[in-house]
Amino acid sequence: MKSRIIVFILALCVVPSVYGQKGDHAPKKFTLKGIVTNKNGQPVEGAVIFLDTLCTRTESGENGEFRVKCDPAVKSVTAVVEGKGFGQAQVSGVTSVKIVVLKNPGQIPWWAARALNQNQMASKDHRLKVYPNIYEMIREEVPGVTVSGTSITIKQGHSFFGSSTPVYVVNGVKVPSIDNIFPEQVKKIEVLTGTDALIYTGVDGTTGVLKITLKAGGDL
């Protein structure tokens, strides 16, 4: 009888130690490092990172790099540039990845498009609001201009410039059109008038300047 009691007490001592060790072997999250580029190897800023189909609310930085906590069970990581395209890499067995975003806006995974449309991530970047084109974005976000279709008029004081088409400057270079710019590419838009515009318009001051700065990797 005494030997049975001793065995029972030993069993009670062993059981808690087993349960205490169970959590020690549970898989732990790790930091996944990555870089997002376009097909030419240039860094892509502002790509939203997904782990499998979960939106992490993490975006690639100016140099295309990102870091995100990752569960060992995750199989793939996806970088999505809204309205532009996406790229994907396998995660299993690695702690760093390189993702190449290709220009295929029509092929963005449905779960990524839905996630972006649902939350817009407005607290991080209001420009993730969905605009159908650059002209609609300018109409909504840039004060001092009137936009009708693809026609833009810059207002100075209480009057408008004689020309309805301003000088377009993209990343410091004059361009004939901004039709091919996606709203998601835009980092900043400025309206230049008066002496500030002369560097681009010369002595002809009858029109203003719409100066657009693109995010790094904006030429995907």
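Of everything in the range 73-87, what is surrounded by 13 or more Cβ atoms within 10 Å (Cβ to Cβ) and either of a type outside the set (Gly, Ala, Ser) or farther than 26 Å from Phe182 by Cβ (or both)? Give them in sequence order. It would help to see each step written out before you state the result.
Here is the first cut: in the range 73-87, the residues surrounded by 13 or more Cβ atoms within 10 Å (Cβ to Cβ) are 74, 76-87.
Of everything in the range 73-87, those that are surrounded by 13 or more Cβ atoms within 10 Å (Cβ to Cβ) and either of a type outside the set (Gly, Ala, Ser) or farther than 26 Å from Phe182 by Cβ (or both) turn out to be Val74, Val77, Thr78, Val80, Val81, Glu82, Lys84, Phe86.
If Lys103 passes every condition in (1) modelled with pLDDT under 90; (2) within 30 Å of Thr153 (Cβ to Cβ) but one, which one does it miss?
(2)
Which residues, taken from the range 88-101, are touching a residue at least 24 places away in the same chain (Cβ under 8 Å) and surrounded by 15 or more Cβ atoms within 10 Å (Cβ to Cβ)?
If the condition is that a residue be touching a residue at least 24 places away in the same chain (Cβ under 8 Å) and surrounded by 15 or more Cβ atoms within 10 Å (Cβ to Cβ), then Ala89, Val91, Val97, Ile99, Val100, Val101 are the ones that fit.
Name the single residue that is modelled with the lowest pLDDT among those in the range 108-127 being over 19 Å from Ile178 (Cα atoms) and in contact with a Gly (Cβ under 9 Å, 6 or more places away or on another chain). Step through it out loud before you land on a result.
First pass over the range 108-127, keeping only residues over 19 Å from Ile178 (Cα atoms): 108-126.
Going one step further and asking which of them are in contact with a Gly (Cβ under 9 Å, 6 or more places away or on another chain), we end up with 108, 125.
Values: Ile108: 82, Asp125: 47.
Residue satisfying both the conditions and the ranking: Asp125.
Answer yes or no: is there a residue in the range 12-31 that is more than 22 Å from Lys187 (Cα to Cα), surrounded by 17 or more Cβ atoms within 10 Å (Cβ to Cβ) and at pLDDT 80 or above. Before you say what the answer is, go through the steps one by one.
Taking the range 12-31 as the starting set, the residues that turn out to be more than 22 Å from Lys187 (Cα to Cα) are 12-31.
Now narrow it down to the ones that are surrounded by 17 or more Cβ atoms within 10 Å (Cβ to Cβ): none.
No, there is no match, as no residue in the range 12-31 is more than 22 Å from Lys187 (Cα to Cα), surrounded by 17 or more Cβ atoms within 10 Å (Cβ to Cβ) and at pLDDT 80 or above.
Just to be sure, is Ile35 under 30 Å from Val186 (Cα atoms), of a type in the set (A, V, I, L, M) and modelled with pLDDT of 90 or more?
Values: under 30 Å from Val186 (Cα atoms): yes; of a type in the set (A, V, I, L, M): yes; modelled with pLDDT of 90 or more: yes.
The answer is yes for Ile35.
The values are calculated or read from the model by the stated rules, or taken from the named source; none is laboratory data. This one's a predicted model, so the numbers in the text were calculated from it and none came from an experiment. With ideal geometry, Cβ positions are generated from the backbone for all residues, glycine too; neighbour counts draw on all protein chains shown.
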